[in-house]
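Data first, discussion second: the structure below is written as structure tokens.
The values are calculated or read from the model by the stated rules, or taken from the named source; none is laboratory data. As the structure is a computational prediction, the values presented were derived from the model and not from experiment. FYI the Cβ positions are ideal-geometry reconstructions off the backbone, even for glycines, and counts take in every protein chain you see. Surface accessibility is based on the protein's heavy atoms, side chains included, excluding ligands, DNA and RNA. Shrake-Rupley method; radii C 1.70, N 1.55, O 1.52, S 1.80 Å.
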Amino acid sequence: MSELKEVFAAYKKLSFTDRIVFYTTLSNTVNVHEDNLQDFLIETRIADGNTCIYCEGSHVVKNGKRKDGIQRFLCRDCKKSFIPSSCSVTSGTRKNLSVWAQYLKCMSDKKTLKETAEECSISVTTAFYWRHKILDALQEVTDRVCLDGTVEADETFFNVSYKGNHKNSRQFIMPRKAHKRGNDIHSKGLSSEKVCVPCSVDVEGIAFAKPVKLGKVSTECLIDVFSGIVSPSAVLCTDNEKAYRLLARNKAIRLIQTDTNKRITIVNGTTYGIQRINSYHSSLKSFIDRFHGVSTKHLEHYIIWNNLITNTKRSKTENISLMFVQIMSRRLTVHNNDISARPPLSFVT
Ligand SMILES: [Zn+2]
């Protein structure tokens, strides 16, 4: 028993990333037994059963078990009763954590809502809300990304889609006639019906992208997106767009611009290009296409999802573990109504 306590004490000293590696090594999150997941949560969220999820007080006692065998706790400080998964995105869903783990595996496999719903034995509507609750909790992971070394950047565009805003909404007024599939926008060029998404990718394939505005890219939006993401020590490679020159000057980042027709530029014997960012655009587009017209209000979520599962630094199992640890460690309660009520173009200020 004392050895076990030593292991737990050592575990608590681990960094966030090391905890993921530890957990991955210990048990493959996918198909892991429910009891193991509950024990894992008690360790990580209630710190060996002592800390209150609500007030972080340390006067916590066990308070019997629920009918389904899940341990209940009571905090003597704030008098609240809770279970290991309280106050997380899984709260109130009445589904075992093993179903959530299975759901994350489906996300890692880029499964559609219908496929996921079937595999996890939940409704398509539930699958939809879970997807967005999970992606809310995962936003933080992508916000921590820092790209260094040679970083290629370029913007891409998606057609605006108001999908998910029409029905049952008292506030939303469709700003134009509905398109059938979002692909029949006739006007060419960068109209107000295109969402601008600046993207960047480093040599290891770690990517960051974010929808920022309608129409053409601007220096302001580039500064907004890439500040804190692209390291000041990076070498930024872009096409000849002026906005990147202003960004590089503003952030004091070394910039190498390549003529789109020439495709590469050689500086001091080193070859720079924008092929990596172009191939990132294609893979992101094909990921989004899988879902047959993603609503613009959820576009950022899908980009987060794509970037997370295509991160080449982590194995598939590590990715699923990372997602699991992240969604369970966040104190985040998102209601279905919050997701439906998001504004159609939330990034437009
Ligand atoms: Zn408490």
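Any chance region 184-203 includes a residue that's within 20 Å of Leu255 (Cβ to Cβ), open to solvent by 40 Å² or more (accessible area, probe 1.4 Å) and modelled with pLDDT under 95?
The answer is yes, given that some residue of region 184-203 is within 20 Å of Leu255 (Cβ to Cβ), open to solvent by 40 Å² or more (accessible area, probe 1.4 Å) and modelled with pLDDT under 95.
Quick one: which of Asn278, Asn307, Asn250 is open to solvent by 10 Å² or more (accessible area, probe 1.4 Å), closer than 19 Å to Cys146 by Cα and touching a strand residue (DSSP E or B) at 6+ places or on another chain (Cβ under 8 Å)?
After applying the criteria, what remains is Asn307.
Residue-wise test of (1) away from the ligand (no atom under 13 Å from the Cβ); (2) under 20 Å from Ile327 (Cβ atoms).
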site: His33; (1), (2): yes, yes
site: Gln38; (1), (2): yes, yes
site: Thr51; (1), (2): no, yes
site: Cys55; (1), (2): no, no
site: Val60; (1), (2): no, no
site: Lys67; (1), (2): yes, no
site: Ile70; (1), (2): yes, yes
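So which residues in region 286-314 are farther than 16 Å from Pro211 by Cα and not β-branched (Val, Ile, Thr)?
Ser286, Asp289, Arg290, Phe291, His292, Leu308, Asn311, Lys313, Arg314
Taking region 276-327 only, how many residues are in contact with a Pro (Cβ under 9 Å, 6 or more places away or on another chain) and either part of a helix (DSSP H, G or I) or of a type in the set (A, V, I, L, M, F, W, C) (or both)?
5
Select, from Ser98, Ser86, the only residue that is surrounded by 15 or more Cβ atoms within 10 Å (Cβ to Cβ), over 30 Å from Thr270 (Cα atoms), touching a residue at least 12 places away in the same chain (Cβ under 8 Å) and touching a helix residue (DSSP H, G or I) at 6+ places or on another chain (Cβ under 6 Å).
Just a single option satisfies the conditions, and that option is Ser98.
When you go through Glu152, Glu119 one by one, which is the residue that is in contact with a helix residue (DSSP H, G or I) (Cβ under 6 Å, 6 or more places away or on another chain) and either within 24 Å of Glu34 (Cα to Cα) or among the β-branched types (Val, Ile, Thr) (or both)?
Going through Glu152, Glu119 in turn, the sole match is Glu119.
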